[in-house]
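Asker: Can you read through this structure? Questions will come right after.
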Amino acid sequence: MLWDIFGEDKVLFGSDWPQSENLELNSYPNIMNVARSYLAGKGRIATEKVFWRNSIRAYRWVRRDARQPQA
């Protein structure tokens with residue numbers, strides 16, 4: 001539902017890890033698997049947007065190191 005409302009340009013990945021680590025199903029690998037599984041059908045560009053590209057605009061970060069990806 002949120003995907004339909006906001007779309008790939010406004011969704012960011014986030015987690016409560018490591019605070020949620022004490023809950024068995026909320027291990028970081030499980031959280032990542034759920035996110036990756038959901039995004040698998042959305043395509044590579046949408047996946048990149050959710051995992052990092054959308055954060056550029058949201059957090060107004062600037063590239064400070066040549067090893068960082070370019071937007």
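The values are calculated or read from the model by the stated rules, or taken from the named source; none is laboratory data. A quick note: this is a predicted structure, and the numbers were derived from the prediction, not measured. Glycine gets a Cβ as well: all are built from the backbone with ideal geometry, and neighbour counts include every protein chain shown.
Asker: Which members of the range 1-17 meet the condition of being modelled with pLDDT of 90 or more and touching a helix residue (DSSP H, G or I) at 6+ places or on another chain (Cβ under 8 Å)?
Answerer: Selection gives Glu8, Asp9, Lys10, Val11, Leu12, Phe13.
Asker: Out of everything in the range 18-46 that is outside any helix (DSSP H, G or I) and loosely packed, with under 14 Cβ neighbours inside 10 Å, what residue ends up being modelled with the highest pLDDT?
Answerer: Gly43
Asker: Considering the range 47-71 alone, what residues qualify as being among the hydrophobic types (A, V, I, L, M, F, W, C) and either over 10 Å from the mean Cα position of the chain (by Cα) or surrounded by fewer than 12 Cβ atoms within 10 Å (Cβ to Cβ) (or both)?
Answerer: Ile56, Ala58, Trp61, Val62, Ala66, Ala71
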